[in-house]
1. Of all residues in the range B:283-293, how many are assigned to a helix (DSSP H, G or I) and either surrounded by fewer than 19 Cβ atoms within 10 Å (Cβ to Cβ) or touching a residue at least 60 places away in the same chain (Cβ under 8 Å) (or both)?
2. For residue A:432, state whether it is touching a residue at least 40 places away in the same chain (Cβ under 8 Å) and not in a helix (DSSP H, G or I).
3. Read through the list (1) within 13 Å of another protein chain (Cβ to nearest Cβ); (2) buried (at least 21 other Cβ atoms within 10 Å of the Cβ); (3) part of a loop (DSSP other than H, G, I, E, B), then give the number of the only condition that residue A:406 fails.
4. So which of A:324, A:268 ends up being under 17 Å from the mean Cα position of the chain (by Cα), assigned to a helix (DSSP H, G or I), within 14 Å of chain B (Cβ to nearest Cβ) and not basic (Lys, Arg)?
5. Is at least one residue of the range A:149-161 free of Cβ contacts under 8 Å to residues at least 24 places away in the same chain and within 14 Å of chain B (Cβ to nearest Cβ)?
6. Scanning for something within 13 Å of chain A (Cβ to nearest Cβ) and under 25 Å from residue B:463 (Cα atoms), does the range B:367-377 turn up at least one residue?
7. Which members of the range A:133-179 meet the condition of being hydrophobic (A, V, I, L, M, F, W, C), out of contact with any Gly (no Cβ under 9 Å at 6 or more places or on another chain) and over 25 Å from residue B:425 (Cβ atoms)?
8. Restricting to the range B:375-429, name every residue that is free of Cβ contacts under 8 Å to residues at least 24 places away in the same chain, among the β-branched types (Val, Ile, Thr) and closer than 25 Å to residue A:355 by Cα.
Protein chains: 2
Amino acid sequence: MLRDGAGYLAEIRASLGLMTVVLHADYTLFDGVLQPHLAVSVGDDGRVLAVGPARELSAPSDTGESSVVRLAGKALLPGFVNAHSHAFQRVLRGRTEYREPGHEDDDFWAWRAAMYDAATRLDPEQIEAVTTFAYAEMLRAGYTHVAEFHYVHHQPDGTPYADPLELSRRVVASARTAGIGMTLLPVAYQRGGPGTPASAKQRRFLHRDADAFANTLSGSRELADLGRCPVQVGMAAHSVRALDRSFLEEMAALGGVVHAHVNEQPKEIAQCLAEHGLRPIELLADVGLLSPQFVGVHATHIDEAEVRLLGESGAQVCVCPTTERNLGDGLPPLRDLVDAGVSLSIGSDSHANVDPFAEIAALENGERLRSGKRNVLAGVGPGGAVGGPLIAAGTRGGARACGLDAGRIHPGSRADLVSIDLESPRLVGSSVGAEGGHSLLAAMALSGSAELVQDVWVGGARVVNNGHHPGWREARAGFETVMRSLVS
Amino acid sequence: MLRDGAGYLAEIRASLGLMTVVLHADYTLFDGVLQPHLAVSVGDDGRVLAVGPARELSAPSDTGESSVVRLAGKALLPGFVNAHSHAFQRVLRGRTEYREPGHEDDDFWAWRAAMYDAATRLDPEQIEAVTTFAYAEMLRAGYTHVAEFHYVHHQPDGTPYADPLELSRRVVASARTAGIGMTLLPVAYQRGGPGTPASAKQRRFLHRDADAFANTLSGSRELADLGRCPVQVGMAAHSVRALDRSFLEEMAALGGVVHAHVNEQPKEIAQCLAEHGLRPIELLADVGLLSPQFVGVHATHIDEAEVRLLGESGAQVCVCPTTERNLGDGLPPLRDLVDAGVSLSIGSDSHANVDPFAEIAALENGERLRSGKRNVLAGVGPGGAVGGPLIAAGTRGGARACGLDAGRIHPGSRADLVSIDLESPRLVGSSVGAEGGHSLLAAMALSGSAELVQDVWVGGARVVNNGHHPGWREARAGFETVMRSLVS
């Protein structure tokens with residue numbers, strides 16, 4: 001009897017007493033294409049072992065492969081990566097969607113004042129509770145990894161906690177409790193702006209200088225853990241607004257994964273030009289921060305020269321469309337970035353929405369609105385349908401932004417996976433026909449939602465089962481307790 | 001014991017043998033505000049009888065009110081109205097999201113060629129099957145009424161069917177089978193464009209002149225039915241591109257509800273100026289078509305003068321954001337329209353997405369992207385949160401576009417209702433606090449999705465129960481059969 005490779009490998013391992021799970025879905029995203037009836041075997045190291053054709057098993061015991069999980073009516077995809085998060089901002093959802101009295105011009109800067117109020121008031125226990133809930137929400141939505149752009153470090157008056165890493169430990173604990181993989185990015189933040197000291201409400205964010213920040217980094221690195229549910233540690237520069245040139249230069253010397261907010265609002269660019277005679281991306285290039293490990297978050301208002309600098313340096317861009325539209329930031333020139341070879345990822349940022357499908361759809365929809373054209377990020381022919389690049393940005397692109405070996409279903413890659421409900425009204429009819437794999441992926445990408453996600457695996461362990469996260473009830477209760485405190 | 005009005009009324013009616021259902025949800029949208037623990041009584045005429053404070057009933061039999069439906073963990077809202085639909089276009093989802101070889105400029109007009117191919121090939125049975133499925137999908141998504149902009153009238157070669165109303169009967173039958181209320185809008189379509197006869201692929205759409213169209217209208221009116229699941233009949237002018245001036249003038253003389261595509265693409269406006277020396281809205285004003293019963297669909301590329309004309313005439317605008325972004329149409333000036341007193345509604349149009357929450361969120365998000373500001377359609381203070389106007393556009397605005405007494409929970413209005421799942425991760429934490437009703441509505445409007453909808457009532461009859469539509473399996477099978485034919 002002809003055996004499929006992945007299944008055969010699983011049998012051998014089982015006979016040796018090694019735990020292997022074989023996942024057999026109706027469709028599996030392999031090599032960027034949805035292919036029917038593949039078997040994906042996952043080892044006890046939490047990585048994909050093999051991928052090969054599945055055969056229908058009439059009963060698991062037939063072959064001794066009691067570890068086969070038949071995902072009927074589902075598609076198996078890599079888990080999405082949330083490459084930009086400020087978890088505590090989840091408290092703001094629905095709360096800043098009206099005009100303050102006397103504010104004719106309601107914009108990003110007005111929102112930021114409301115956000116600072118929340119940032120000022122939350123204590124460590126509350127930050128952990130909000131973050132745990134936000135991470136659980138992310139998992140249910142199909143995110144298997146989050147990069148936490150972590151800038152709330154100190155007590156409200158700016159004094160470090162007795163343990164200076166108190167809040168870093170809290171968000172790492174949240175990731176463990178929820179069961180999501182994490183890349184912690186301690187953020188460097190020095191001043192209110194060029195020639196402007198930090199305001200009272202920014203005190204929790206600050207590092208005096210790069211030495212102080214380097215201390216935070218080395219302490220944070222002790223929180224790293226390369227197990228099934230990993231904790232990685234990188235770093236972030238808040239923005240060129242929040243750091244002076246010498247701080248940025250010293251950060252460049254540190255190396256490794258570095259994220260930064262860039263070009264989100266016109267005012268930031270004007271300030272940077274006034275201070276340095278350079279636009280933000282130009283300044284970051286000048287201080288040596290652009291590299292293949294650099295991720296510019298937003299990049300909304302970049303010009304052609306800045307696109308070129310990003311492309312030439314191998315730098316990446318993380319787009320946060322649902323937040324960027326909520327805050328009135330605008331639409332970045334994504335086609336130009338892709339043409340320059342810049343890798344894209346997504347992030348839920350302020351968590352106005354926690355839905356990777358909403359983010360990836362908005363990448364293409366934004367380009368269509370900007371240009372008046374269709375299929376801007378797509379290729380030619382059914383195989384070039386825009387589902388491919390969009391899902392890739394949400395998975396592989398995000399993994400790349402975090403320096404994580406995940407984001408694709410491939411031997412050796414982390415088994416961070418999600419199953420998608422093919423019975424959803426959103427997807428009915430899309431898989432029919434010879435090009436069905438392509439149109440199904442396009443429908444997922446442009447007509448999907450978080451509710452498509454049924455099961456979620458992190459490092460091969462199933463953490464969401466048929467929509468249920470075991471810690472949900474507790475996480476939710478903890479979050480609602482914080483909300484009652486905050487709004488009373 | 002103090003009795004709530006709605007509950008007491010229900011008891012009296014029950015004692016008289018009249019069927020009344022009392023719906024008691026955790027929140028009910030009443031007078032534009034989410035209010036806790038109201039009882040909504042619905043009579044056997046399918047209309048709301050009364051709304052008043054609910055009291056918690058320890059057991060239904062305590063009071064003999066066995067007709068109380070306790071919607072715990074849910075909010076009760078008016079059903080959404082889909083004011084613009086071409087149901088057959090549902091076959092295209094996910095299928096046109098790649099570039100055709102040789103087409104550098106992929107845009108609306110390229111999409112339209114693909115859409116015509118589908119329109120040409122479907123026979124009456126297939127149109128009914130696709131439409132039934134699309135309508136069932138709409139119901140599950142929370143739409144209780146749909147305005148069908150019905151332009152596929154004849155056989156593929158342009159000959160009327162033996163029964164000239166064959167396809168009108170088919171879509172009406174679909175609405176009945178699915179259980180959705182409908183406003184049928186037979187569409188007048190005469191030519192390919194100014195001085196351009198209709199192409200081969202447009203033959204199914206055509207009426208030779210206004211007399212022929214008036215015949216279609218009078219025949220269609222016999223399909224009307226004012227029962228629990230209503231069928232209303234209005235009319236539509238396809239566009240100023242598709243009709244010459246005298247046809248438009250004769251339509252204006254007919255009166256009643258009239259919809260028309262307006263200003264969707266720059267090329268249409270250029271053609272209209274070349275032909276008439278007027279922009280499309282100006283032409284429609286000139287021929288006497290603008291009135292409070294007129295609904296301009298899209299209105300994407302309108303100027304200040306056209307905004308003024310719409311406002312002065314009392315005309316309405318139906319926005320189809322998820323289609324308008326998919327097709328690269330652009331973003332309409334909604335704040336200007338609202339300031340001019342124009343009533344807004346939504347439509348799923350091509351059904352790239354069938355999700356009223358996606359449509360209403362995009363109304364505000366589009367304005368934020370266009371202007372760089374936040375809270376563009378919102379008012380001042382928590383009570384002015386943008387959830388109010390957005391939900392209103394999706395419900396009351398749509399009912400107004402159809403001339404339907406629905407879209408709000410109010411004594412005498414149709415009991416077209418939906419229940420919303422308050423346990424969804426999307427909404428957790430939003431209802432906390434004194435302003436919780438406002439922030440919850442804002443979260444629904446900006447962070448919602450079709451999957452929030454649990455139960456759907458049309459004319460007081462529950463047609464979707466806890467996410468289940470009884471005809472779903474059959475409708476889905478019928479649709480998949482058509483898809484297999486179409487893509488083979």
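The values are calculated or read from the model by the stated rules, or taken from the named source; none is laboratory data. All of these numbers come straight from a predicted model, not from anything done at the bench. With ideal geometry, Cβ positions are generated from the backbone for all residues, glycine too; neighbour counts draw on all protein chains shown.
1. Qualifying residue count for the region: 1.
2. Considered against the rule, which asks whether it is touching a residue at least 40 places away in the same chain (Cβ under 8 Å) and not in a helix (DSSP H, G or I), residue A:432 comes out as no.
3. It fails just one condition, (1).
4. Just a single option satisfies the conditions, and that option is A:324.
5. no
6. The answer is no, given that none of the residues of the range B:367-377 is within 13 Å of chain A (Cβ to nearest Cβ) and under 25 Å from residue B:463 (Cα atoms).
7. A:162
8. B:428
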